[in-house]
Amino acid sequence: MTNVNFSAYSALNSVKPADQAKQAAKPDEAGGAVAEGFSAFKQTLQQAEQTAIQTAVSGADPHAMVEALANAELALDAAVTIRDKVVEAYQELLRMPV
């Protein structure tokens with residue numbers, strides 16, 4: 001015979017599979033990651049713009065401006081690549097037979 005250990009405390013405090021499914025189905029977490037990505041993209045572009053303005057107006061460090069613009073270009077390239085992949089996936093869905 002096998003010895004089964006049962007603890008009422010651990011049984012009451014364990015996560016039930018139905019609760020795990022409800023947590024996984026929440027769109028807020030996935031939407032939060034997308035929102036964070038958009039926020040970071042916007043912040044990168046704003047930082048590049050501010051650095052370019054400071055360099056043009058006050059003659060700030062041109063190396064910082066080049067670096068900020070390179071970061072903005074990299075972020076824009078990533079955003080375009082993601083957009084292209086989303087459009088491609090959508091077109092694949094449209095081609096699927098129902």
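Any idea which residue in region 51-98 is modelled with the highest pLDDT, counting only those that are outside any helix (DSSP H, G or I) and surrounded by 10 or more Cβ atoms within 10 Å (Cβ to Cβ)?
Checked region 51-98; the qualifying residue modelled with the highest pLDDT is Asp61.
Can you tell me which residues in region 55-77 are under 16 Å from Thr44 (Cβ atoms) and either without any contact (Cβ under 8 Å) to a residue 24 or more places away in the chain or β-branched (Val, Ile, Thr) (or both)?
Ala64, Met65, Val66, Glu67, Ala68, Leu69, Ala70, Glu73, Leu74, Asp77
Among Gln43, Gln23, which is the only one that is modelled with pLDDT of 85 or more and open to solvent by 90 Å² or more (accessible area, probe 1.4 Å)?
The unique qualifying residue is Gln43.
The values are calculated or read from the model by the stated rules, or taken from the named source; none is laboratory data. Given the structure is predicted, the values throughout are model-derived calculations rather than measurements. Virtual Cβ from ideal backbone geometry, glycine too; neighbours counted across all protein chains shown. Calculation scope for accessible area: heavy atoms of the full protein, side chains included, ligands and nucleic acids excluded. Shrake-Rupley method; radii C 1.70, N 1.55, O 1.52, S 1.80 Å.
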